[in-house]
Amino acid sequence: MEAKDPITCHILDTTAGCPAMGVRVRLEGGSSSAYVFTSSTDEDGRITVWPPRSSDPGRVPAHTLHHVLGEMDGASTWTLRFDTAGYFGDRNTFFPEAVVVFRVEKGQHYHVPLLFSPYSYTTYRGS
């Protein structure tokens with residue numbers, strides 16, 4: 001079993017009353033959003049581990065989220081972009097993207113749940 005990354009998320013489709021599987025999510029952060037991680041929610045609507053990425057696509061080695069956050073001094077701002085249009089269909093949702101911007105302190109874990117439907121969404125800091 002893989003260890004959870006310091007930033008995780010969980011999506012529930014409140015229209016269907018179940019986890020939202022297969023939602024594309026983009027995590028951006030660091031200085032000037034230099035780091036971008038992308039993934040899709042699993043069958044339980046969760047992302048617990050972000051695949052390693054590089055700020056330069058041709059660069060090796062790729063950075064893990066643990067590494068990136070471990071190298072930062074102080075707080076940093078991160079953004080989660082949830083592709084709601086890809087899940088509900090572009091013409092079936094008022095919000096084509098749900099965006100959550102939050103502050104991360106070094107050494108903390110952040111779980112960001114999203115409850116959404118085609119015409120609303122809400123979030124909070126989970127545990």
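The values are calculated or read from the model by the stated rules, or taken from the named source; none is laboratory data. Treat the numbers as computed from the prediction; the structure is a model and nothing was measured. Virtual Cβ from ideal backbone geometry, glycine too; neighbours counted across all protein chains shown. Accessible surface areas use protein heavy atoms only, side chains included; no ligands, DNA or RNA. Shrake-Rupley method; radii C 1.70, N 1.55, O 1.52, S 1.80 Å.
Assorted remarks:
- If you take all other residues with their beta carbon under 13 Å from the beta carbon of Gly22, and give Lys and Arg +1 and Asp and Glu -1, the sum is -3.
- Ordering Glu28, Glu97 by accessible surface, largest first, gives Glu97, Glu28; the 1.4 Å probe counts only protein heavy atoms, with every chain in place.
- Along the axis of the charge dipole computed for the chain (Cβ charges of +1 for Lys and Arg, -1 for Asp and Glu, origin at the Cα centre), the listed residues Met21, Thr41, Pro96 are led at the positive end by Pro96.
- Taking every C-alpha pair closer than 8 Å and separated by at least 6 residues, the mean separation divided by the residue count of the chain gives a relative contact order of 28 percent.
- The Cβ shell under 13 Å around Val104 holds other residues with a net charge of -2, Lys and Arg each +1, Asp and Glu each -1.
- Among Tyr121, Ala3, Gly74 the positive-end extreme of the charge dipole of the chain (Cβ point charges): Gly74
- Counting all C-alpha pairs of the chain, share separated by more than 16 Å (%): 61 percent
- Charge dipole (debye, nearest 20) of region 6-124; +1 at Cβ of Lys and Arg, -1 at Cβ of Asp and Glu: 120 debye
- Normalising by residue count, region 69-127 has a Cα convex hull of 79 Å³ per residue.
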